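See structure below.
Derivation of every value follows stated rules applied to the coordinates shown; laboratory data play no part. As the structure is a prediction and not an experimental result, all values here were calculated from the model. Because the Cβ atoms are built from the backbone with ideal geometry, glycine has one as well, and the counts that use them run over all protein chains shown.
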């Protein structure tokens, strides 16, 4: 797994479809549900007529952790849900998840530290699973 300035990423030998399925399962195993799914490829084709490689955004939520975070910082909803992306580029399948610790550090609320660390650890497990 590679940690960038804002994401946790990995490349996998899995096909795009298999990677999406594996990520969905890993999210569930780590206490997340998928609140929304955005097929970026289909949206760009429909709205712009642009062809592209497969790219999907899964908006994931762990309700107990989201509740704790929102109790500490009600405006935090603008940064939710936690996005996990699966995409194909140049014949390789990639998986990336938001680095919750980096993202929540911009809020400046120390109460969010433990929640952010737990979310990061769980999403890192998801990325590592592919």
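Table for the structure above
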| item | result |
| --- | --- |
| Failed item in (1) out of contact with any helix residue (DSSP H, G or I) (no Cβ under 6 Å at 6 or more places or on another chain); (2) closer than 16 Å to residue 85 by Cβ; (3) free of Cβ contacts under 8 Å to residues at least 24 places away in the same chain, with residue 5 passing the rest | (3) |
| Any hit, segment 103-115, residues being under 13 Å from the mean Cα position of the chain (by Cα), in a helix (DSSP H, G or I) and within 16 Å of residue 6 (Cβ to Cβ) | yes |
